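The values are calculated or read from the model by the stated rules, or taken from the named source; none is laboratory data. Quick caveat, the model's predicted, so the values are computed rather than measured. Quick reminder, even Gly has a Cβ in these numbers, built from the backbone with ideal geometry, and neighbours come from all protein chains shown.
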Amino acid sequence: MDRTYLIKPELDEDYPVIDYGKGVYLFDISGKRYLDASSGAVTANIGHGVEEINEAMMDQAKKVSFVYRSQFTSVAAEKLAEKIALSTPGDLNWSFFVNSGSEATETAMKIAIQHWQEKGRPLKTKILSRWVSYHGITIGALSMSGHPGRRSRFVPLLADFPVVSPPYCYRCPFNKEPKSCGYECAKELDVAFRRIGPESIAGFIAEPIVGAAGGAITPPKDYYRIIKEICEKHDILFIADEVMTGFGRTGTMLACEHWGIVPDLVSLGKGMGAGYAPIAATLVTERVMEPIKKGSKVIMSGHTLSANPQSSAVALAVLEYLEKNNVIEDVEAKGTYLKNSLKKLKTLFPFIGDIRGKGLLIGIEFVGNPKTKQSFPRELNVTERVVKMAKDVGLLLYPATAGEDGKSGDAIIISPPLTITKREIEELVRLFTSALTKVQEELE
Ligand code: PLP
């Protein structure tokens, strides 16, 4: 190809051209094999080239691929919504289908606002969020995102949503130790609500485990119980952004289940279509739907391709595949095995500062000095070096940001397809060791 007409993430980068994928592996047109240890962008949850999903897609395509949601419903979309209601905790019984995670969080924001309008409280419109977070790239979703790097170009357009600190125990914003911290980071939300005024706040949004903005930052045991109690005390809805963590990634259908809470709204995406089709969802509890059902009966949102039969059939097939093969049940054991193997690398590579996460969503933060937790100077591009070196040896990793400001530190996410085998986990660790050896040599 003499020139490209496609706008790719880095304009000057030479991207390999993909040929095909099978299981946890991807092959480019030169025949090079990559172990997909990131599931793309934490998306290909059941691996590549799964026949059943392609067949479900074809079966639906032979009937009809698209109908407009204001004109028809479809068996695929109805069945998918029912199956999600039955597989998720509590009364998260309603699904609104969209096409991307950003649309899902933005729809959650709008439904939360509408809920209060229909209850006669139209002043409750603000959605608060945490720093070191990412909820999507559209202007509403970016407004909620505490990701300085992704916000900076658009700050004048953004409503100012992030207010509270992340539950980032490795770099506690309050300089406390997890055992004796008293959950100050959670309690900060109570102060923020009181300062801003609960009468103006519709909801609080958070990723159960912070993804790319922090490298799988995982809050301690009681964090979400306290957050949920604070939200309930002030009549504020809790929105869990499970775009990255949902659909089994952490060993439960929703990551919130680890903390024993049921959010008022949930956003799903990524693993829902597992990369086979663009589909995402906003889940809504009965309590949140109630005033809308009694009131206007219309949710003022939606996209042309929302709930299209083609994507719905794919997500339904993914959910059936997860169930039939007990995929989610096995995630915890696989994740523990992978995490323990990675922890053993800490002695070989002292620049591994922290290893965190749940199930098969594992974050690794790199530091210049493991004792002081001092980050590397950003100009050293440690994250970029690790990701590039890994790609060179045939291993795909997901870059993340880290550090108190969400941009000065280095982290990666390891999140292979949930279907990865023990032998493939061992290969992943071998390839990762080889990449880190080369990065260590470069840094010396
Ligand atoms: N929310 C979270 C937690 C995410 O990780 C992402 C994407 O990385 C999004 C929302 C946005 O999803 P999408 O890129 O599909 O719009």
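Tell me which residues, restricted to segment 186-210, are in contact with a strand residue (DSSP E or B) (Cβ under 7 Å, 6 or more places away or on another chain) and either within 16 Å of the ligand (Cβ to nearest atom) or within 26 Å of G409 (Cα to Cα) (or both).
If the condition is that a residue be in contact with a strand residue (DSSP E or B) (Cβ under 7 Å, 6 or more places away or on another chain) and either within 16 Å of the ligand (Cβ to nearest atom) or within 26 Å of G409 (Cα to Cα) (or both), then E188, L189, G203, F204, I205, A206, E207, P208, I209, V210 are the ones that fit.
Please determine whether any residue of segment 319-335 is within 16 Å of the ligand (Cβ to nearest atom) and within 22 Å of D91 (Cβ to Cβ). Write out each step before concluding.
Start the filter on segment 319-335 by keeping residues that are within 16 Å of the ligand (Cβ to nearest atom), which leaves none.
The answer is no, given that none of the residues of segment 319-335 is within 16 Å of the ligand (Cβ to nearest atom) and within 22 Å of D91 (Cβ to Cβ).
Can you tell me which of (1) in contact (Cβ under 8 Å) with a residue 40 or more places away in the chain; (2) within 16 Å of the ligand (Cβ to nearest atom); (3) buried (at least 17 other Cβ atoms within 10 Å of the Cβ) is the one F238 doesn't meet?
With respect to (1) in contact (Cβ under 8 Å) with a residue 40 or more places away in the chain; (2) within 16 Å of the ligand (Cβ to nearest atom); (3) buried (at least 17 other Cβ atoms within 10 Å of the Cβ), F238 is out only on (1).
Within segment 236-250, which residues are part of a loop (DSSP other than H, G, I, E, B) and aromatic (F, W, Y)?
Result: F247, single match.
Any residue that is in a helix (DSSP H, G or I), within 16 Å of the ligand (Cβ to nearest atom) and among the charged types (D, E, K, R) - is there at least one of those in segment 112-124? Can you show your working first?
Pass one, segment 112-124, residues in a helix (DSSP H, G or I): 112-118.
Applying the additional criterion that residues be within 16 Å of the ligand (Cβ to nearest atom) yields 112.
Next cut, among the charged types (D, E, K, R) only: none.
No, every residue in segment 112-124 fails to be in a helix (DSSP H, G or I), within 16 Å of the ligand (Cβ to nearest atom) and among the charged types (D, E, K, R).
Under 7 Å between Cβ atoms, at least 6 apart or on separate chains: pull out the pairs that start in segment 366-379 with a residue that is at negative phi and among the basic types (K, R) and end on any residue that is surrounded by fewer than 15 Cβ atoms within 10 Å (Cβ to Cβ) and modelled with pLDDT under 95.
R378/S408
Among the residues of segment 404-418, write down those that are touching a strand residue (DSSP E or B) at 6+ places or on another chain (Cβ under 7 Å) and buried (at least 20 other Cβ atoms within 10 Å of the Cβ).
G409, D410, A411, I412, I413, I414, S415, P416, P417
Just need a number here: residues in segment 156-183 that are part of a helix (DSSP H, G or I), touching a helix residue (DSSP H, G or I) at 6+ places or on another chain (Cβ under 9 Å) and either basic (K, R) or surrounded by fewer than 17 Cβ atoms within 10 Å (Cβ to Cβ) (or both).
Total satisfying the criteria: 2.
Filtering segment 149-166 down to residues that are out of contact with any Ser or Thr (no Cβ under 8 Å at 6 or more places or on another chain) and either within 16 Å of the ligand (Cβ to nearest atom) or of a type in the set (G, A, S) (or both), which residue is nearest to A41 (Cα to Cα)?
R150
Which number in (1) in contact with a helix residue (DSSP H, G or I) (Cβ under 7 Å, 6 or more places away or on another chain); (2) assigned to a loop (DSSP other than H, G, I, E, B); (3) within 15 Å of the ligand (Cβ to nearest atom) marks the one condition that M253 misses?
Single failed check for M253: (3).
Of the residues E424, E442, E404, which is in contact (Cβ under 8 Å) with a residue 24 or more places away in the chain, acidic (D, E) and under 18 Å from K22 (Cα atoms)?
E424
If you go through segment 260-273 one residue at a time, do you hit one that is of a type outside the set (V, I, T), surrounded by 20 or more Cβ atoms within 10 Å (Cβ to Cβ) and away from the ligand (no atom under 16 Å from the Cβ)?
yes
For segment 80-87, state whether one or more residues are touching a Lys or Arg at 6+ places or on another chain (Cβ under 9 Å), among the aliphatic types (A, V, I, L, M) and away from the ligand (no atom under 16 Å from the Cβ). Step through it out loud before you land on a result.
Keep residues of segment 80-87 that are touching a Lys or Arg at 6+ places or on another chain (Cβ under 9 Å), which gives none.
No.
For segment 340-362, what are the residues that are more than 19 Å from the chain's Cα centre (by Cα), in contact (Cβ under 8 Å) with a residue 12 or more places away in the chain and outside any loop (DSSP other than H, G, I, E, B)?
S341, L342, K343, L345, L348, I352, G353, D354
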